[in-house]
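Q: Quick one: the structure is below, questions incoming.
The values are calculated or read from the model by the stated rules, or taken from the named source; none is laboratory data. Predicted model only: the values in this text are computed from it and were never measured. Here Cβ is always computed from backbone atoms with ideal geometry, including for glycine, and neighbour counts include all displayed protein chains. All accessible areas refer to the heavy atoms of the entire protein, side chains included, with ligands and DNA or RNA removed. Shrake-Rupley method; radii C 1.70, N 1.55, O 1.52, S 1.80 Å.
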Amino acid sequence: IVVQFRAGGSREPLFFVHDGWGGIMFVRELAKLLETDRTIYGVRPPALDGKNVIPQTIETVAAHYIRAIRQKQPHGPYRLAGYSFGGFVAFEMARQLMSLGETVRFLGIIDASKPSEPVFVRGLQSVGTNTFFVLLQKGTHAGLHYVRSIGEMISAWKNSARLSRGLPLAPSAVHGHYRFIFGRAVKRYRTQPYPGKIIVFAGSNKEQLHDARWRQVATDVEVREI
C-alpha cells in the first residue's frame, strides 16, 4: 500500500496519506514541487478485492499504515502529511508513532475537515419522516438530496455484503465505497492531544476555521494559506 513516487537522496522520506476517495495521484503533482533530494511516498488503502481486511476506524487505519511505512523506514524521524481524510490519519499516525518512542519531524495536514452528517439522516432528525415524503413528492432540491443519500447508503450495504463473501468490487464502485468507509470513520473519530507541531495547509478563507480546530489538540500550530 506504499507507493514510491520519486526516489531522493539521503534526507528523510516524506509519506503522503490518501484522500477520502482512496486516491494518491495528487502526490505525483506535489512531488514535482518539492525538494529533489527526498524520497516521496504515497500511502493508499488496501484493495477492495474481498481478500483484504479494511480498517474501519481512524485508529486502526493509522496502525495499519504505520506497519506499512515501517517496511520502508523502520525508525524515525518521520515526515508525514495527509490530504483531507488523510490529514486525520496522518495526525493519528504521528500520535501513535510518538507513543512508541519515535520522533515525528514534520506533520502536514492539508485542508482536513470533518464531513457533515448524511443529508437524509440529518433531514429526518430535523424535520421528521412526514416532511421527508412531502419533499420527495414535490421533487424539491432537498428531496433529490435525500434520494441520492439513501441510494449511496444502499450501495454501501450491497458493497459490504459482496466484500464479506470474498468478492471484489466493480471498479466503478471502489472510490464510492472508500468514501463511505472513511467518511464514517472520520465522523466517529475524536482527536486527542498532540505534543508536537502541526503545519496546516488551508484553502483560501479557511485559515481561521482550521486554526481554531487544530489548536484544540495542539499548542504549536502553523496555518498556511494555499
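Q: Provide the FRET efficiency to the nearest 0.05 for the S172-E207 pair, computing r from the beta carbons and using R0 = 45 Å.
A: With a Förster radius of 45 Å, E is 0.75.
Q: Within the set K32/K197; K72/K187; K32/K187; K51/K158; K32/K206, which residue pairs have Cα atoms separated by over 27 Å?
A: Going by Cα-Cα distance, K72/K187; K32/K187 fall outside the 27 Å limit.
Q: Okay, next question. Would you mind computing, in nm to one decimal, how far apart the modelled labels at I199 and Q4 are, each placed 7 Å from Cα along Cα→Cβ?
A: Spacing of the two 7 Å Cα→Cβ label points: 2.4 nm.
Q: Pull out the extension gain between E29 and R215, defined as 0.36 nm times the separation in residues minus the alpha carbon to alpha carbon distance; nm, one decimal.
A: The span from E29 to R215 would gain 64.0 nm if fully extended.
Q: Still on this structure, I have one more. For D37 and I154, what does the FRET efficiency come to when R0 = 41 Å and r is the distance between their Cβ atoms, rounded to the nearest 0.05?
A: 0.25
Q: Checking the a/c ratio against 1.5 first, then a/b against b/c, what shape does the Cα gyration tensor give for the stretch 1-105?
A: Here the stretch 1-105 falls in the oblate category.
Q: Would you mind getting the accessible area per residue of the stretch 1-81, heavy atoms of the protein chains only, 1.4 Å probe, in Å²?
A: Dividing the accessible area of the stretch 1-81 by its residue count gives 49 Å².
Q: Stretched out fully, how many nm does the piece from K51 to E12 gain, at 0.36 nm a residue minus the Cα gap?
A: Roughly 10.8 nm would be gained on extension.
Q: How long is the gain from R165 to R190 if the chain were fully straight, where each residue apart is worth 0.36 nm and the alpha carbon distance is subtracted?
A: Length gained between R165 and R190: 5.9 nm.
Q: Let me ask something additional. Counting Lys and Arg as +1 and Asp and Glu as -1, what is the net charge of the other residues whose Cβ lies under 13 Å from the Cβ of G23?
A: Result for the neighbourhood of G23: +1.
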